[in-house]
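Notes for the one structure printed next.
The values are calculated or read from the model by the stated rules, or taken from the named source; none is laboratory data. Computed from a predicted structure; not experimentally measured. All Cβ positions, even for glycine, are placed from backbone atoms using ideal geometry, and neighbour counts span all protein chains on display. Please note that ligands, DNA and RNA were not included when accessible areas were found on the heavy atoms of the full protein model with its side chains. Shrake-Rupley method; radii C 1.70, N 1.55, O 1.52, S 1.80 Å.
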Amino acid sequence: MSSALTDLCPHPIVQAPMAGGVSVPQLAAAVSEAGGLGFLAAGYKTADGVYQEIKQLRSLTARPFGVNLFMPQPEFPGASTGSTADAAPPAAGAVEVYAHQLAGEAAWYETELGDPDSGRDDGYEAKLAVLLDNPVPVVSFHFGVPSRDVLESLRRAGSLTWVTATTVEEALAVERAGADAVIVQGVEAGGHQGTHRDIQENDGCGIGLLALIAQVREAVSLPLVAAGGIMRGSQIAAVLAAGAGAAQLGTAFVATPESGAHALHKQALTNPLFVRTELTRAFSGRPARGLVNRFLREHGPYAPAAYPEVHHLTSPLRKAAAKAGDAQGMALWAGQGHRMAREFPAGQLVEVLAAELDAARAALSERGEVR
Ligand SMILES: Cc1cc2nc3c(=O)[nH]c(=O)nc-3n(C[C@H](O)[C@H](O)[C@H](O)COP(=O)(O)O)c2cc1C
């Protein structure tokens, strides 16, 4: 593990930030206490909610941890963050058409659709202000690259900055901006792809983690954190061998008792009813990987590229489905390795992964000796 990462935690294991109430302080604390790096997710929360979670996490552990922010979204989905010049607007009325197509869902769950115009910036400036006033060891970003000034001010406050990339070009943009590390996210990953520019024509072109990490390693000199489909220590050994300094796991931690995921979400990971995952825009308007259920199957094929409008639109539907105990209407975010989820307590999971990593390394060096 590169020194910038080893200083943070003894094991090269990062618990992914998971918005939607999954990566709660209890989960992050258990991971950090066990020698991994726990993360809080600021996405969808208020700035005050983020502040309260940081305070709670600090009361549970003195170990390092991270906080993840969503980048504000440009006016048109294909544009780079903060710009509208290089993209076409979405098809006029696409969100209204989708709202019309979801009317039956609203009636079924006896709720209303959400207001698609409930904000595009996820309270970014206010959350940044919280993090500058209460610096945390690591701040990571999803859906784009922050400005040089933001990265510099966080550095001055004492935080390391990590930014997600899903291609070599995005990783180069992260390096140019002056971040401290790149989170290299493969197409296997559960939840939203952290793609910088959401271009619909690129759907289906996602790159697998091992192919991507090797390419990024040759192009970029920053420390790399590998994410996507990692459920066992042997896979951590593989990404470390390919050039990563640490691995970031999401789905593996969804199943732990400390995670705040809905019980149905946890159970669905290993339920044979849910045999595969797909990238879909059905729930949020941006590609995100989830277990294929009725909602995804029915609405995924025509859901528009309109994030965060579609996220706001479907929010009451997802809440109503969860309240009704209907996993077929919930966003069951999961990576391609979901069947390998284990229900260990989070700290024990970190220890088991670390032991598996050691065993995989020992097996590799034995093979080397035989040759
Ligand atoms: C339930 C869930 C929620 C997620 N939410 C976020 C988030 O808020 N911010 C973020 O940067 N990544 C988020 N991700 C993606 C993870 O950072 C990571 O890329 C992914 O979990 C890795 O793939 P895996 O789930 O197969 O381990 C989420 C993933 C899941 C499964």
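Tabulated values for the structure
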| read-out | value |
| --- | --- |
| GLY250 under 12 Å from GLN185 (Cα atoms) and assigned by TED's automatic domain parsing to the domain that holds ALA355 | yes |
| Test: residue in the range 152-167 that is out of contact with any strand residue (DSSP E or B) (no Cβ under 9 Å at 6 or more places or on another chain), in a loop (DSSP other than H, G, I, E, B), small (Gly, Ala, Ser) and more than 20 Å from TYR307 (Cβ to Cβ) | yes |
| Residue in the range 172-188 that is farther than 23 Å from LEU332 by Cα, surrounded by fewer than 16 Cβ atoms within 10 Å (Cβ to Cβ) and of a type in the set (Asp, Glu) present | no |
| Residue that is farthest from the ligand (Cβ to nearest atom), among those in the range 260-270 that are open to solvent by 10 Å² or more (accessible area, probe 1.4 Å) and either assigned to a loop (DSSP other than H, G, I, E, B) or in contact with a Cys (Cβ under 6 Å, 6 or more places away or on another chain) (or both) | THR270 |
| Hits in the range 4-17 (condition: open to solvent by 30 Å² or more (accessible area, probe 1.4 Å) and in contact with a Gly (Cβ under 9 Å, 6 or more places away or on another chain)) | ALA4, THR6, PRO10, HIS11 |
| Test: GLN336 is closer than 13 Å to MET231 by Cα and polar (S, T, N, Q) | yes |
| Test: residue in the range 213-226 that is in a loop (DSSP other than H, G, I, E, B), assigned by TED's automatic domain parsing to the domain that holds ALA19, within 16 Å of the ligand (Cβ to nearest atom) and open to solvent by less than 10 Å² (accessible area, probe 1.4 Å) | no |
| Failed item in (1) under 27 Å from GLN26 (Cα atoms); (2) hydrophobic (A, V, I, L, M, F, W, C); (3) open to solvent by 20 Å² or more (accessible area, probe 1.4 Å), with LEU273 passing the rest | (1) |
| ALA106, sole failed condition from (1) assigned to a helix (DSSP H, G or I); (2) surrounded by fewer than 12 Cβ atoms within 10 Å (Cβ to Cβ); (3) touching a residue at least 60 places away in the same chain (Cβ under 8 Å) | (2) |
| Among (1) of a type in the set (Ser, Thr, Tyr); (2) at pLDDT below 95; (3) outside any helix (DSSP H, G or I), the one test that SER284 misses | (2) |
| Single match in GLU201, GLU169 (criterion: in the same structural domain as ALA129 (by TED's automatic domain parsing), more than 14 Å from the ligand (Cβ to nearest atom) and modelled with pLDDT of 95 or more) | GLU169 |
| Residue match in the range 127-146 (condition: without any contact (Cβ under 8 Å) to a residue 12 or more places away in the chain, assigned to a helix (DSSP H, G or I) and within 17 Å of ASN68 (Cβ to Cβ)) | no |
| Of all residues making up the range 23-55, the number that are part of a loop (DSSP other than H, G, I, E, B) and either farther than 21 Å from HIS312 by Cα or open to solvent by less than 10 Å² (accessible area, probe 1.4 Å) (or both) | 7 |
| Search result, residues across the range 1-23 that are more than 21 Å from ARG155 (Cβ to Cβ) and more than 12 Å from the ligand (Cβ to nearest atom) | PRO10, HIS11, PRO12 |
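So that you can scan it fast, the table gives a plain yes or no per residue for (1) within 15 Å of the ligand (Cβ to nearest atom); (2) among the hydrophobic types (A, V, I, L, M, F, W, C); (3) open to solvent by 20 Å² or more (accessible area, probe 1.4 Å); (4) part of a helix (DSSP H, G or I):
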| position | (1), (2), (3), (4) |
| --- | --- |
| LEU317 | no, yes, no, yes |
| GLN328 | no, no, yes, yes |
| ARG339 | yes, no, yes, yes |
| LEU349 | yes, yes, no, yes |
| ALA355 | no, yes, yes, yes |
| LEU364 | no, yes, yes, yes |
| GLU369 | no, no, yes, yes |
